[in-house]
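All remarks here apply to the structure that follows.
The values are calculated or read from the model by the stated rules, or taken from the named source; none is laboratory data. Keep in mind the model is a prediction, meaning the values are calculated, not measured. As a convention, Cβ positions derive from the backbone with ideal geometry for all residues, glycine included, and neighbour counts pool all protein chains shown.
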Amino acid sequence: MGIFNKNYESAGTGIAKNAPKKTGSKLFFEILGVKFWKLIEVNMLYSLFFIPLILAGAFFFGGFLSPNLSSIVSLICLIAFAVLFGPATSGMTKVIRSFILDKHSFIMRDFFKAFKANFKLSAIIGFADCLVITSIALGMIIYPGIAKVSGNSAIYVLLAISISVGLTILIMNFYTFPMIIATDLSLINIVKNSFALTCIALKKNALTLLISVGLSAIMFLLALWNMSFSFLLPFFPAAFICFISCFNSYPEIQKYIINPYYASKGEINPELSSYNSQENETLFEDKGGKEQPIEKRKKGSRKRIS
């Protein structure tokens, strides 16, 4: 590299316009490396919408108010979080989708634009997610207790069903929010398509789920080991999990939802990286990858100008 050997006067052949595009893990880590600090910014912005949840816990367990008033304030904060959770997730998904599609994104502008434009649908999905998560969490506590007291091991079947439903809905979310911000589909069609893609892309979904749960478990265990690790939550891992999810799921949405729509109109999906307009007249030809390398000028060979 020129910075180490001081070869500042030489140049390579450039980058070819039609050079092969990176795919798979190479593309993933390339985007991750370029957008790493941007992902932290998105995570910080997204974390602001968890303040109502934190306040709910503070009021409920802090003893700042009377028990009845604490319960009421905590409930209001929980409802506020449940309503805002979905639109905030849509905002984060919008920004990260732009990263994956190699499009420039103004984080604050795009986040809140998607937050407002998709508020209704996102709020419904987010509220439903919160109810499902709460129900499954309670089920994991209640069902084993009932089975222990009654001595009926068949109760564990209900627990297994609850966990299975929860995992299915979690995987559906890999597709739900990207479809909310990328399409004009109705709520029913978004849910139907999310469930269908959950069943179709089993391998990708399992990988995304494994990594997402793994990252979340690591953060949880670190926080249990030392509470100081909880201060990392505003910076990690929400946006990184969303990035992994979008990277794996959005190509499936393009393949099965978006591309067929454009194909039915006789058009090509403009999101595809291979999309190029051949009808526009080319004024200048891109010579990237074809130039002759510029050799370093030898010492003493510089001509004097008289």
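State whether the residues of segment 246-262 include one that is of a type in the set (A, V, I, L, M, F, W, C), within 17 Å of Phe50 (Cα to Cα) and part of a helix (DSSP H, G or I). Break it down into steps so the answer makes sense when it comes.
Initially, segment 246-262 is screened for residues of a type in the set (A, V, I, L, M, F, W, C), giving 246-247, 253, 257-258.
Next cut, within 17 Å of Phe50 (Cα to Cα) only: none.
No, because not a single residue in segment 246-262 is of a type in the set (A, V, I, L, M, F, W, C), within 17 Å of Phe50 (Cα to Cα) and part of a helix (DSSP H, G or I).
Annotation: of all residues in segment 99-150 being modelled with pLDDT under 95 and among the hydroxyl-bearing types (Ser, Thr, Tyr), the one that is farthest from the chain's Cα centre (by Cα) is Ser150.
The set of residues in segment 175-194 being of a type in the set (A, V, I, L, M, F, W, C) and either closer than 16 Å to Asn248 by Cβ or not in a helix (DSSP H, G or I) (or both) consists of Phe177, Met179, Ala182, Leu185.
Residue count for segment 54-84 under the criterion of being closer than 29 Å to Cys242 by Cβ and either of a type in the set (A, V, I, L, M) or surrounded by 18 or more Cβ atoms within 10 Å (Cβ to Cβ) (or both): the result is 17.
So, Lys94, is that one of a type in the set (D, E, K, R), touching a residue at least 12 places away in the same chain (Cβ under 8 Å) and either closer than 22 Å to Tyr175 by Cα or surrounded by fewer than 12 Cβ atoms within 10 Å (Cβ to Cβ) (or both) or not?
Working: of a type in the set (D, E, K, R): yes; touching a residue at least 12 places away in the same chain (Cβ under 8 Å): yes; either closer than 22 Å to Tyr175 by Cα or surrounded by fewer than 12 Cβ atoms within 10 Å (Cβ to Cβ) (or both): yes.
It is true that Lys94 is of a type in the set (D, E, K, R), touching a residue at least 12 places away in the same chain (Cβ under 8 Å) and either closer than 22 Å to Tyr175 by Cα or surrounded by fewer than 12 Cβ atoms within 10 Å (Cβ to Cβ) (or both).
Taking segment 158-182 as the range and being under 11 Å from Val132 (Cβ atoms) and either surrounded by fewer than 17 Cβ atoms within 10 Å (Cβ to Cβ) or of a type in the set (Phe, Trp, Tyr) (or both) as the test, the residues that pass are Val165, Leu167, Thr168. Could you say whether any residue in segment 45-53 is at pLDDT below 90, buried (at least 17 other Cβ atoms within 10 Å of the Cβ) and either of a type in the set (Phe, Trp, Tyr) or touching a Cys at 6+ places or on another chain (Cβ under 6 Å) (or both)? Looking through segment 45-53, none of the residues is at pLDDT below 90, buried (at least 17 other Cβ atoms within 10 Å of the Cβ) and either of a type in the set (Phe, Trp, Tyr) or touching a Cys at 6+ places or on another chain (Cβ under 6 Å) (or both).
Would you point out which residue out of Ser153, Ser164 is part of a loop (DSSP other than H, G, I, E, B), without any contact (Cβ under 8 Å) to a residue 12 or more places away in the chain and over 19 Å from the mean Cα position of the chain (by Cα)? Break it down stepwise before answering.
Details: Ser164 fails: part of a loop (DSSP other than H, G, I, E, B).
Exactly one residue qualifies, and that residue is Ser153.
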